[in-house]
Amino acid sequence: MEEFDFIIVGAGVTGLSAAMYGARLGLKSLVLGATHGTELPIGGVITTTNVVENYPGFIRLTGTELSEAIRKHAQSYDLVSIRQEKVESVKAEGKKFHVTTKKQNYSGKTVLFATGTKWKRLEVPGSFEFENKGVAYCALCDAPLFKNKVVGVVGGSDSAVKDALVLAEHAKKVYIIYRGEKIRPEPINLQRVMANKKIEIIAKANVLEVKGDKLMRSVVLDKEHNGSKQLELQGLFIAIGHIALSDLAKPLGVKLNEKGEIVIDHKTSETNVPGVYAAGDVADKPFKQAITGVAEGCTAAYSAFEHITKSEVKAM
Ligand SMILES: Cc1cc2nc3c(=O)[nH]c(=O)nc-3n(C[C@H](O)[C@H](O)[C@H](O)COP(=O)(O)OP(=O)(O)OC[C@H]3O[C@@H](n4cnc5c(N)ncnc54)[C@H](O)[C@@H]3O)c2cc1C
């Protein structure tokens, strides 16, 4: 079984950055990223946006350009291995951890969960039935499929609004359907939405049902819009939040909060289990951004280094 000092579950910007720092601290670091089927590519969720303007040092680049730069940086260290493997389980074995993927078994002195989140699904009649038949989650991936169509985005966050802006580059009309009073994007994206003639906000509204035949054709709202509760749409993008991918950590006794996020000490990225760390979108924090995830990932590398060094000193 291959041995590593620092095993990182998740190949998003958080995991890749942690590996780079780990290698610089002399840790033999392994990044395991699930990339098959519906899984995200190496680079993670940031690859689903084509506009990143708030990562310090880069005025504007695509999510893929950012994650690729971080991957190349990590890969430039010999102590870093990046493998496209889905982790199935992480078990404690004495002072070490046994990590199992579909392909292999690994042993690690420390483990970092940088597994991110998955999209929260809209649970109304028809939304599952019409998934990939009009109902979608990744605007950057699917927007070109809705050229000259009328589409909707459910949600009011910055990423929901960015989805609407991406869609407006292809679609004829974009509705932002938001249950609250006011959408909550970054001010700069609010300006862009207000200036975009193709985008219309329907506030204080919820989607009750998705309707269609072979493909989705419309949604039913819980309030009238232009005299009807039925809104003709050929596409509906769901941007109502994310669910932390923390299941793998539970059997280790790692503490989760009420949202299922991994609870960490935000000074060290440590969990309640010695040698186990978490960082990025999977961790318990409100402000989930690339830069905050990267910072936590690098902090976790340093804490893992400290943990290993201390235990080796003790063993002497
Ligand atoms: C549309 C959109 C736009 C955004 N725009 C911005 C922006 O402009 N600026 C900004 O700073 N942030 C932005 N964000 C937020 C930012 O993308 C995230 O905060 C950040 O990328 C999270 O990185 P992460 O590495 O923690 O998680 P992720 O990128 O989600 O990476 C986690 C990785 O772990 C993998 N994984 C999960 N389970 C397993 C397993 N069992 N085995 C192996 N691998 C596994 C997943 O496949 C994934 O690749 C945006 C997010 C979205 C959705």
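S311 versus (1) open to solvent by less than 70 Å² (accessible area, probe 1.4 Å); (2) modelled with pLDDT of 95 or more; (3) not in a loop (DSSP other than H, G, I, E, B): which is the lone unmet condition? Every condition holds for S311 apart from (2).
So, in segment 57-84, how many residues would count as being among the small types (G, A, S) and not in a helix (DSSP H, G or I)? Number of matching residues: 3. For segment 106-120, which positions are out of contact with any Lys or Arg (no Cβ under 7 Å at 6 or more places or on another chain) and more than 14 Å from the ligand (Cβ to nearest atom)? The answer is T110, and nothing else.
Within the bounds of segment 70-81, is there any residue that is under 27 Å from G260 (Cβ atoms) and either outside the structural domain of K173 (by TED's automatic domain parsing) or open to solvent by 40 Å² or more (accessible area, probe 1.4 Å) (or both)? Yes, there is a match, as at least one residue in segment 70-81 is under 27 Å from G260 (Cβ atoms) and either outside the structural domain of K173 (by TED's automatic domain parsing) or open to solvent by 40 Å² or more (accessible area, probe 1.4 Å) (or both). Select from segment 260-294 the residues that are open to solvent by 50 Å² or more (accessible area, probe 1.4 Å) and either more than 21 Å from V90 (Cβ to Cβ) or of a type in the set (D, E) (or both) and list them in ascending order. Hits for segment 260-294 are D265, H266, K267, E270, P286, F287, K288, Q289, I291. Taken together, A249, A203 contain a single residue that is small (G, A, S), away from the ligand (no atom under 16 Å from the Cβ) and surrounded by 13 or more Cβ atoms within 10 Å (Cβ to Cβ), which is A203. Residues that are hydroxyl-bearing (S, T, Y), out of contact with any helix residue (DSSP H, G or I) (no Cβ under 8 Å at 6 or more places or on another chain) and farther than 23 Å from V13 by Cβ within segment 73-116 comprise T100, S107, listed in sequence order. When each of V45, V90 is tested for being outside any helix (DSSP H, G or I) and either open to solvent by less than 40 Å² (accessible area, probe 1.4 Å) or at pLDDT below 95 (or both), the lone residue that passes is V90.
Does R184 fit the bill of being part of a strand (DSSP E or B), open to solvent by 30 Å² or more (accessible area, probe 1.4 Å) and not aliphatic (A, V, I, L, M)? So R184 fails the test.
The residues on offer are G22, G63, G12, G57, and the sole one that is within 19 Å of Y277 (Cα to Cα) and either open to solvent by 50 Å² or more (accessible area, probe 1.4 Å) or within 13 Å of the ligand (Cβ to nearest atom) (or both) is G12. Candidates K250, K285, K197, K214: the one that is assigned to a loop (DSSP other than H, G, I, E, B), within 22 Å of the chain's Cα centre (by Cα) and on the phi < 0 side of the Ramachandran plot is K285. Filtered by the rule that a residue be of a type in the set (A, V, I, L, M, F, W, C) and surrounded by 21 or more Cβ atoms within 10 Å (Cβ to Cβ), segment 299-308 gives A300, A301, A304. Of the residues making up segment 2-42, those that are among the charged types (D, E, K, R) and not in a loop (DSSP other than H, G, I, E, B) are E2, E3, D5, R24.
The values are calculated or read from the model by the stated rules, or taken from the named source; none is laboratory data. Everything numeric here is computed off the predicted structure, so don't read it as measured data. Positions of Cβ are backbone-derived with ideal geometry, glycine not excepted, and every protein chain shown enters the neighbour counts. Accessible surface areas use protein heavy atoms only, side chains included; no ligands, DNA or RNA. Shrake-Rupley method; radii C 1.70, N 1.55, O 1.52, S 1.80 Å.
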